[in-house]
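Taking it in order: structure first as structure tokens, then the write-up.
Taken together, the values in this text are just the output of simple stated rules run on the coordinates, not laboratory data. In this text the structure is predicted, and so the values were computed from the model without any measurement. A quick note on method: Cβ atoms are made from the backbone with ideal geometry, for glycine too, and the neighbour counts reach across all protein chains shown.
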Amino acid sequence: MSTTPVPVTTTTASPWLRIRAVARRHAYVLQRAPQRWFDVVVWPVVDAVLFGAIGVYFSRQSGVGDRGVGFLLAGILLFHVVFQAEVSLATGFMEETWSRNLLNLLVTPLREVEYVAGVVLFGLAKLAFSITVVSTVAFGLFAFNVSDIGLALIPIIAILLVVGWAVGLIVIGLILRVGQGAEILAWGLLAMLMPLSGIFYPVSALPGILQPIGKVLPLTHLFDAARSVLDGDGLPWDELGIAAAGSVVLAIAAAWFVVRMLATFRSRGYISRHM
């Protein structure tokens, strides 16, 4: 895959310029590879239509009105924040392995934190676009307005971003440790988090054996808080606090894990085995 040159090999470039260069390179890849728009456009549209239609059907069958539709659409919209944050970071790193550019990055003055910041910066642009798409579809087809959550949306989205980036770091660490076979986890971990986090339902709806797992996940408490707001109640700060604390613990653990895996990757010469 061809990519545009990135001016990160000079020690005179400021960190901000190197971060921008990384973001620009990934933007170039997205521009030259239309299939990469699938996660940004197609999935948001499919999810909004699918879960919106499911909500409409079951609401009509049970006679509960539009409440169920709102829960489903709010859940899938907020989950897309986690999805885009995680996938953008994980696939940003995978782009370097697919194009065999990882060795080049390792010998430039580009610091690891600068690379991650550049991928995150580009990921935020993708996130804004995809959330706009899913919100537009939800509003246009099902008359659901995510702004009904109000100002509570700000801390909720902030925590969702932290969780998404933390999961992305875990995926990168696993790829560094075991090779490209771990790439499936970029989507697989999210597929496991989705039902366990109760994005459409309280954790009590899960089978008893899975409920303890759901209760320790920060996303579970975050989606509980969002549902409370949609129900017209005030923002449950206790649930939000638990979610925030859990996301910080997860982020610290993920950062520690990826640093350890990067050290192992370098010391054992996995660049020639995995990449």
* So, by mean Cβ neighbours within 10 angstrom, what's the order for 228-235, 196-203, 45-52 with the highest one leading? -> 196-203, 45-52, 228-235
* Asked: Roughly how many nanometres apart are two label points built 7 Å out from the Cα toward the Cβ at Val46 and Thr132?
  -> 2.3
* Provide the three semi-axes, in whole Å and in decreasing order, of the ellipsoid equivalent to segment 63-147 as defined by the square roots of 5 times the Cα gyration tensor eigenvalues. => 37, 10, 10
* If a helix is a whole DSSP H run, which ones in the chain reach 24 Å or further along their own axis (Cα) and hold a mean Kyte-Doolittle hydropathy of at least 0.5? -> 43-62, 67-98, 112-142, 153-178, 237-267
* Asked: Between Glu112 and Trp16, what is the label-to-label distance in nm when each label sits 7 Å out along the Cα-to-Cβ direction?
  -> 2.6
* Asked: What is the chain's relative contact order, in percent, from Cα pairs under 8 angstrom and six or more apart in sequence?
  -> 22
* Computed FRET efficiency, Cβ-Cβ of Arg32 and Leu124, R0 22 Å: what is it to the nearest 0.05? -> 0.60
* To do: Using a 10 Å Cβ count of at most 13 others and DSSP loop calls, identify the longest part of the chain lacking such trypsin sites (Lys or Arg not before Pro).
  => 112-267
